[in-house]
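The values are calculated or read from the model by the stated rules, or taken from the named source; none is laboratory data. As the structure is a prediction and not an experimental result, all values here were calculated from the model. With ideal geometry, Cβ positions are generated from the backbone for all residues, glycine too; neighbour counts draw on all protein chains shown. The protein model used for the area step is the full one, side chains on, heavy atoms only, and it has no ligands, DNA or RNA in it. Shrake-Rupley method; radii C 1.70, N 1.55, O 1.52, S 1.80 Å.
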Amino acid sequence: MDAPWVSTLLKLFVPLGASVALLFAAKRRGIAWAADGGLGLRWPRASVAACWLAGWIAWMALSEVVMAQLGVEQPTRWKDYPALIFGMRVAAIGLAGPLLEELLMRGLALNLLRRTKFGVRGAVLLTAAAWALMHVQYEPALLGMIFLDGLFLGTCRVASGSLLLPITMHALGNLYSIWQSTHG
């Protein structure tokens, strides 16, 4: 198997497999999937979801302006992949990656940390910092924006009681970045 296939399969199936493993581990430990005090895998009221999604879109637009002003490098252009590899990479980076990262950060970690002396605010701050550090391959200005994204996603998770909203918002952000990489 050639390198693009192997790389793409890993990018897709490692996060999917890890997400399934995390969900089963949470279930075995008695962590509810849908409850706010658990993973929060449920939708809030439609009006709440609409407000948070509108806020996220506005935040993404503002972030683009700020990053342009700071001279942050735009996503690199994707190679011309065959259609199947392209679709799998979109699924991996746009959907599977955000699913795993949000299950870990705003699902499991935030849920556990908010029960400690750090409380809710500390949990949001710490998970945003940890999430930014997971992206250490990027330049410092972009890491700062990722940290701020993490604060937004964590605040959404706590305020809405839903992890599905941060998963959706994170996926939208990644899908937009993919669009930039393929249409830039």
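With a 1.4 Å probe and all protein chains in place, put Glu139, Glu73 in order of accessible area, largest first. Working shown, then result.
Working: Glu139 70, Glu73 125 Å².
Descending order: Glu73, Glu139.
Of the residues Met134, Met169, ranked by 1.4 Å probe accessible area with the largest first, the sequence reads Met134, Met169.
Taking a straight Cα-Cα cut-off under 29 Å and skipping sequence neighbours fewer than 8 places away in the same chain, the lysines within cross-link reach of Lys11 are Lys27, Lys79. Modelling each spin label as a point 7 Å along the Cα-to-Cβ direction, I'd like the Ala83/Trp43 distance in nm, to one decimal. In this crude label model, Ala83 to Trp43 measures out at 3.1 nm. Over segment 15-64, the hull volume per residue, using the convex hull of the C-alpha atoms, is 104 Å³.
The dipole here belongs to segment 81-177: it is taken about the Cα centre, uses +1 on the Cβ of Lys and Arg and -1 on the Cβ of Asp and Glu, and is about 400 debye.
Considering only protein heavy atoms and a probe of 1.4 Å, how much of the accessible area of the chain is carbon and sulfur, as a whole percent? About 70 percent, which is the carbon plus sulfur part of the accessible surface. Other residues with beta-carbon under 15 Å from the beta-carbon of Ser63 carry, at +1 per Lys or Arg and -1 per Asp or Glu, a net charge of -4. Placing unit charges on the Cβ atoms of the charged side chains and taking the dipole of segment 81-134 about its Cα centre, the candidate lying farthest along the positive direction among Leu100, Ala129, Phe86 is Ala129.
Give the accessible surface of segment 1-97 per residue, rounded to a whole number of Å², with probe radius 1.4 Å and ligands, DNA and RNA excluded.
Working: 6080 Å² over 97 residues.
Accessible area per residue, segment 1-97: 63 Å².
Net charge around Val124, counting only other residues with Cβ within less than 13 Å of its Cβ (Lys, Arg = +1; Asp, Glu = -1)? Write out the running numbers ahead of the final one.
Working: positive: Arg106, Arg114, Arg121, Arg157; negative: Asp149.
With Lys, Arg at +1 and Asp, Glu at -1, the neighbours total +3.
Segment 110-184 gives an Rg/Rh value of 1.03, both radii derived from C-alpha positions and Rh following Kirkwood.
What is the percent of Cα-Cα separations in the chain that go past 26 Å?
Values: 5484 of 16836 pairs.
I get 33 percent for the Cα pairs in the chain exceeding 26 Å.
If we count every other residue with Cβ under 12 angstrom of Ser19's Cβ, Lys/Arg +1 and Asp/Glu -1, where does the sum land? Could the numbers behind the result be given before it?
Details: positive: none; negative: Glu101, Glu102.
Residues near Ser19 contribute -2 overall.
Pick out, in residue order, every one of the trypsin sites (Lys or Arg not before Pro) in segment 56-121 that is DSSP loop and has at most 16 other C-beta atoms within 10 Å; say none if there are none.
On the way: sites: Arg77, Lys79, Arg89, Arg106, Arg114, Arg115, Lys117, Arg121; in loops: Arg77, Lys79, Arg114, Arg115, Lys117.
Filter output for segment 56-121: Arg77, Lys79, Arg115, Lys117.
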